[in-house]
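The structure under discussion appears below in the form of structure tokens.
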Amino acid sequence: MKNSGTLTPPAHGVARRQFLKGAAIGAAAFAAPGLVRPAAAADSLNMQTWSAAVDVVKSHLAAFESKTGIHVDYGNGPYAQYREAMVAKFAGGAPVDLLWVSDAWLPEWAEAGWIAPIDGYSSLMQYNADAIPFCTESMTYKGHQYGLTYYTDFMAFLYDADKLAAAGFSAPPSSWEEVVQQSIVMKQKGIAEFPMMLSMAQESWLIEFMTALIYSHGGHFTDASNNAIMQHPKDGAVTALQWVVDAVRKHKIVSPACVETGELAGLKALSAGNHAFALLPKYRLRTLNDPAQSKVAGKIKEALMPMGPGGSHETVGWMRFHGMTAQTAKNKTRADNAARLLEWFGGKADGKYTFQKLVFLDAGSDFAVTPLYQDPEVQAAYAKYADFEMIKKQQALARKKDTIQPWFGEWNETNGSAWQAAIVGNTTPAAALDQSAKAWNKLKSRA
């Protein structure tokens, strides 16, 4: 499952909101035919998603329609174009009642008045008791909750057990210092030229790789008031970026081509047996341990995220959720029906967390409700390719990104370029993060 893509200038305040709406009207001309439909009938709902688990969605919708008598018009499109297509729909007033939302888009869409809080429905809020806390936090903006979870995952530290044993180590590294030590031994023994795989290409995954490194080093991009602290020597991101720079330029355990390596290319490199360690989304374990897709199937394991000096095993998580549009929320009848549909997908259907389980079994996309941890089918599915207990341990240490604000997209490009400049040696980690901090604070001051 893919997470957030790089955003265009976000909506915040009247000027930005008008800019986005104007841009969206222009973008509508490039939308796929049929994306914007005529107004739905009063007794129908319109649900929009990206193209994931389409057959599962259709089956679950059919059950909802049979159960409630409420018809649902369902549309989907590629994730890569989904955000732009939805912005065009919002701007054009197209009928959309329920939709999938990325946590990265929440501030932008909430500020623009495109999606509505759902915390007025106690029938929906009851599911927070079963939800992983960081998921609920990720759906909350300015004190209001905007949805129920569709799926969640986290950045994981993976290792090749055979390469570890060949190097003479009985346990994976528990610290970033040990990653360096074990990698140097592997280089010396010819086990891998670049034992540690990092994907640092300027793409939508980059912020997750960065944040996992920073959290595990005990740092943050921002503080509780959303002020930039990334430039701080100890509680910011300098230590994490310095580790990456040293891994590439000093220890030579990470390829200098990492700045051109995207997440998918990194996955392929690990599955080809080229590396011993990697940061990758946890759900990639399913592919890596599939003999039909990987040369190292059965050898790739997960360890807790290594700790930096004064850091912890924390990592970054992300999630996607079912949300309700603001135009639907204004009509009580439609809103009540949409809330029923939202509960059917994001909560329980006939007393069970059916949809999250079905999506996990179908695509390996993880769920956000802890009762499914006890489900025998879920446990059996995980046992085929991963250590379920390790997954639960790391999931409990997943934290939401601290950079998701309406100006995130504008800042993200600057920050990614700054990190890359430090990695290739064109600037220092301190100078790079000072540049990122200034960009963040400038955008924040305009909001």
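List the aspartates and glutamates whose alpha-carbon lies under 20 Å from that of Lys268, not counting same-chain residues fewer than 8 positions away?
Asp153, Asp160, Asp162, Glu193, Glu203, Glu208, Glu260, Asp290, Glu302
With a 1.4 Å probe and all protein chains kept in place, how do Asp362, Asp290 rank by accessible area, largest first?
Asp362, Asp290
Quick one: with all protein chains in place, what share of the accessible area of the range 66-166 is carbon or sulfur, to the nearest percent (1.4 Å probe)?
So the carbon and sulfur contribution to the accessible surface is 51 percent.
Using the Cα atoms as the points, what is the convex hull volume per residue of the range 142-270 in Å³?
Here the figure is 143 Å³ per residue.
Relative to the present Cα-Cα distance, how much length would full extension add between Leu361 and Glu177 at 0.36 nm per residue of separation?
Here the answer is 62.6 nm.
Using a 1.4 Å probe, what is the accessible area per residue for the range 341-447, in Å²?
That works out to 40 Å² per residue.
Determine the gain in length on full extension of the stretch Ala161-Ser123; use 0.36 nm per residue of separation and subtract their C-alpha separation, reporting nm with one decimal.
That pair, Ala161 and Ser123, stretches by 9.1 nm at full extension.
Please compute the net charge surrounding Gly311, taking Lys and Arg as +1 and Asp and Glu as -1 over other residues with Cβ under 11 Å from its Cβ.
The answer is -2.
Once phi is turned into ³J(HN,Hα) by the Karplus curve 6.51 cos²θ - 1.76 cosθ + 1.60 with θ = phi - 60°, what whole-Hz value does each residue of the range 100-115 show in order, with x for glycine and proline?
Taking θ as phi minus 60°, the curve returns 8, 9, 8, 4, 5, 8, 3, x, 4, 6, 5, 5, 6, x, 9, 10 Hz for the range 100-115.
Along the charge dipole of the range 211-311, pointing to its positive end and built from +1/-1 on Cβ of Lys, Arg, Asp and Glu, which listed residue (Asn227, Pro291, Gly310) has its Cα farthest out?
Pro291
Cα-based Rg of the range 200-279 per 2.2 N^0.38 Å, rounded to two decimals?
Relative to the rule-of-thumb radius for its length, the range 200-279 sits at 1.18.
Excluding residues on the same chain fewer than 8 positions from Lys252, give the lysines whose Cα lies under 16 Å from its Cα.
Answer for Lys252, where 16 Å is the Cα cut-off: Lys187, Lys189, listed by chain and number.
Just the accessible area per residue of the range 166-285, please: how many Å² with a 1.4 Å probe?
36
Shape of the range 318-424 from its Cα gyration tensor (a ≥ b ≥ c, root eigenvalues): rounded if a/c is under 1.5, otherwise prolate when a/b > b/c, or oblate?
oblate
List the residues whose amide H sits under 5 Å from the amide H of Gly147, counting only those 5 or more places along or on another chain, with H placed 1.01 Å from N in the peptide plane.
Ile118
For Ser175, which sequence-distant residues (separation of 5 or more, or a different chain) have an amide H within less than 5 Å of its own amide H, given hydrogens modelled in the peptide plane?
Hits under the 5 Å cutoff: Met307.
So what is Rg over Rh here for the range 118-212, counting just Cα atoms and using Kirkwood for Rh?
Expressed as Rg/Rh, it is 1.20.
Could you work out the relative contact order of the chain, using alpha carbon pairs under 8 angstrom and six or more residues apart, expressed as a whole percent?
24
Quick one: in the range 101-160, what % of C-alpha pairs are over 19 Å apart?
34
Determine the gain in length on full extension of the stretch Ala272-Asp223; use 0.36 nm per residue of separation and subtract their C-alpha separation, reporting nm with one decimal.
Value of the extension gain: 13.7 nm.
Given the options Pro309, Pro107, Pro117, state which has the largest fluctuation in a GNM of the chain using a 10 Å cut-off (strictly under) for Cα springs.
Highest fluctuation among the options: Pro309.
For a 28 Å ceiling on Cα separation, which of these pairs sit above it: Lys89/Lys330; Lys142/Lys330; Lys282/Lys442; Lys282/Lys348; Lys299/Lys352?
Lys282/Lys442; Lys299/Lys352
Using alpha carbons only, how many angstrom separate the centre of the range 300-335 from the centre of the range 205-270?
Taking the Cα centre of the range 205-270 as reference, the centre of the range 300-335 is 20 Å away.
With an 8 Å cut-off on Cα pairs and a minimum separation of 6 or more residues, tell me the relative contact order of the range 95-196 in percent.
Reported as a whole number, the value is 18 percent.
Among DSSP bridges having both ends in the chain, what percentage is antiparallel? Round to the nearest 5.
Restricted to the chain, the bridges split so that about 65 percent are antiparallel.
Please work out the FRET efficiency for the pair Ile70 and Ser312, using the Cβ-Cβ distance as r and a Förster radius of 56 Å; give the result to the nearest 0.05.
With a Förster radius of 56 Å, E is 0.75.
Can you give me the orientation-averaged projected area of the convex hull built on the Cα atoms of the chain, in nm²?
20.6
Over all directions, the average projected area of the alpha-carbon convex hull for the range 351-405 comes to how many nm²?
5.0
The values are calculated or read from the model by the stated rules, or taken from the named source; none is laboratory data. The shown structure was predicted, so the numbers you read here are calculated from the model rather than taken from an experiment. Cβ sites come from the backbone with ideal geometry, for glycine too, and all protein chains shown count toward neighbours. SASA here: full protein model, heavy atoms, side chains in, ligands and nucleic acids out. Shrake-Rupley method; radii C 1.70, N 1.55, O 1.52, S 1.80 Å.
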